[in-house]
Amino acid sequence: GRADLADGRAADGDTLFRIGSVSKTFIWTAVMMLVERGQLDLDADVNSYLKEVRVAEAFGTPVTMRHLMHHRAGFEDSLQLFAVADDDPRTLAELLIQHQPQRVYAPGLRTSYSNWGPALAAQIVGDVSAQPYGDFLRTQILDPLGMRATTWTAPSKLEATQRAQLATGYKTEAGALGLQGYMQLGAYWPAGGIASTANDMARWMRLHLNGGDLEGTRLLSAQSHAQMWTRAFDDRVGAPDVAHGFQDRDFRGLRVLGHGGATAAFLTNMVLVPDLRLGVFVSQNSAQTRLPIGQLPELIIDQLRGGGYQAGLIADASDPGVLVEVAGTYLQNRRVFSTFAALFGLDATASVAVRSPDAVVLSMGDDSKQYQRVGKERDLFEAADGARIAFVREGGRVVALADSSGVHTLEKVGLLGAPHTLFGALAGALLLAFTSLLGFCWRLGRGPAYGTGIAAGLAATVSLLASLCVLGFAVVTGLLVFSLSSLDLSTMAANYP
């Protein structure tokens, strides 16, 4: 309940909180406004609208705005977006060119959350409207809606009055709370750098609950707004996915849309329930727990509906039946694929174990949760807390898992593709390298009995160099892991490893 612990300042409806990726909902609304005006076609090649940036060719299929809005453009993830200082002079177009991620999936194939994609969409809004995205946002969205407190000015550059309204961020430190610096995004701010108040966000939610209209100010026609809240892909019916930029899921029979966000200490969730005419905005300035943003909106929904949490019984382990095909290891596809950083994405795994012909247990990190089949649906499962997952098939074969967030997909991997196999191989390579070096040292000075001639010398040299390379790789990896273990997202711009 405090915006700042040092001066005891209370958090209220006029306190500025950094809303993270909830900022993206403004991009998607701007896009739909241009679509309604006939200036954008959701299914056209985005390169036809870009003036400076060009999306690289891949898969023989262009990326469209509809792909971007559904996080299905096929881009790998990138850490470089979080390594841009707020005083970095580069424009958004320059950053997009320099940091363009690899395309690792054919457009439309998989939902995989991207920050670079929405930033590209903001650039397209600017290029098409012939004014910077920030000017479009201010003059055509925020000012008409009366959202005058909302800002994207970096905390270090805020005027004194606004700076006094901004909540201070905190992190867990030595069993207490320590100050957490603000994450820097530079020109990437459209994808996650907006700060707003509960009062302003209430107006934003009312606009969308009213189908694009707020107190007589209409930004979108009812038809355009309905189009925005319609899914463009149908490979996970009934399970969470994306509807033109909004996370879209079922919760106890109700359709729930919205978006979450996180920037260092600030965690945010915006939840919209059209059937209840309900909008809930929760933002917190400490990352010590995710319970408020994760559970409060659903508790409010349960309170209004008169329902509640219904604990499910752990299914008795028995013959898995046809569900045996879903069991196995799944690897998160929101990760880096193309550089050394790919190594750190291999720990984002999940495992599915079958409990009964109608129940599975999904384990991710330290969390395990049982999901029960929904009715007669073949690949749709729901947990006791209302969360849903689905298995994705190609040619009748299970190839992926759609998680409960709606924006992530995990690919099913076999033994050879499993990260544990790779890590085992790396461990074996390290052991072989170490013993090869020991053997090389042991043979020194022991005479011709251990081999003479060019072939023996070449073999020994290659063995030595290969072993040194492997051990050097291990040392560099260890140093990088150590560096990342103490990395503060707010200082990443100055300390990107």
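The values are calculated or read from the model by the stated rules, or taken from the named source; none is laboratory data. Computed from a prediction, not measured in an experiment: that's the story for all the values here. FYI the Cβ positions are ideal-geometry reconstructions off the backbone, even for glycines, and counts take in every protein chain you see. For the accessible areas, the whole protein counts, side chains as well, though only heavy atoms, and no ligand, DNA or RNA atoms are used. Shrake-Rupley method; radii C 1.70, N 1.55, O 1.52, S 1.80 Å.
List of remarks:
- Whether region 265-376 is rounded, prolate or oblate, judged on the alpha carbon gyration tensor where a/c under 1.5 counts as rounded: oblate
- Cross-link partners for LYS51 among the aspartates and glutamates, with Cα-Cα distance under 14 Å and sequence neighbours closer than 8 places in the same chain left out: GLU94, ASP127.
- Mean separation of Cα contacts under 8 Å (6+ apart) over length of the chain, as relative contact order %: 16 percent
- Distance histogram in 20 Å bins (all Cα pairs of the chain, percent per bin): 20, 51, 22, 5, 0
- Accessible surface of the chain, 1.4 Å probe: 57 percent of it comes from carbon and sulfur atoms.
- Note on LYS171: aspartates and glutamates with a C-alpha under 16 Å away, same-chain residues under 8 apart excluded, are ASP4, ASP488.
- Rounded to the nearest Hz, the phi-derived 3J(HN,Hα) couplings of region 216-233 under the Karplus curve 6.51 cos²θ - 1.76 cosθ + 1.60 (θ = phi - 60°) are x, 8, 10, 8, 9, 5, 4, 5, 5, 5, 5, 5, 4, 8, 10, 5, 9, 10, where x marks glycine and proline.
- For region 56-209, radius of gyration divided by Kirkwood radius, i.e. Rg to Rh on alpha-carbons: 1.00
- Cβ-based net charge around ASP41, under 15 Å, with every Lys or Arg adding one and every Asp or Glu removing one: -2
- Residue-by-residue Karplus 3J(HN,Hα) for region 59-71, coefficients 6.51, -1.76, 1.60, Hz, glycine and proline x: 6, x, 9, x, 8, 10, 5, 5, 4, 4, 5, 9, 6
- At an R0 of 25 angstrom, the distance between the Cβ atoms of ASP319 and MET364 translates into a FRET efficiency of 0.50.
- Charge context of ARG397, other residues only, Cβ under 14 angstrom, K/R +1, D/E -1: -2
- Over region 14-130, the fraction of Cα-Cα pairs per 10 Å bin, rounded to whole percents and listed from the shortest bin up, is 13, 46, 33, 7, 1.
- Residues of type lysines that LYS412 reaches as a straight line, Cα spacing below 27 Å, ignoring anything fewer than 8 places off in the same chain: LYS369, LYS376
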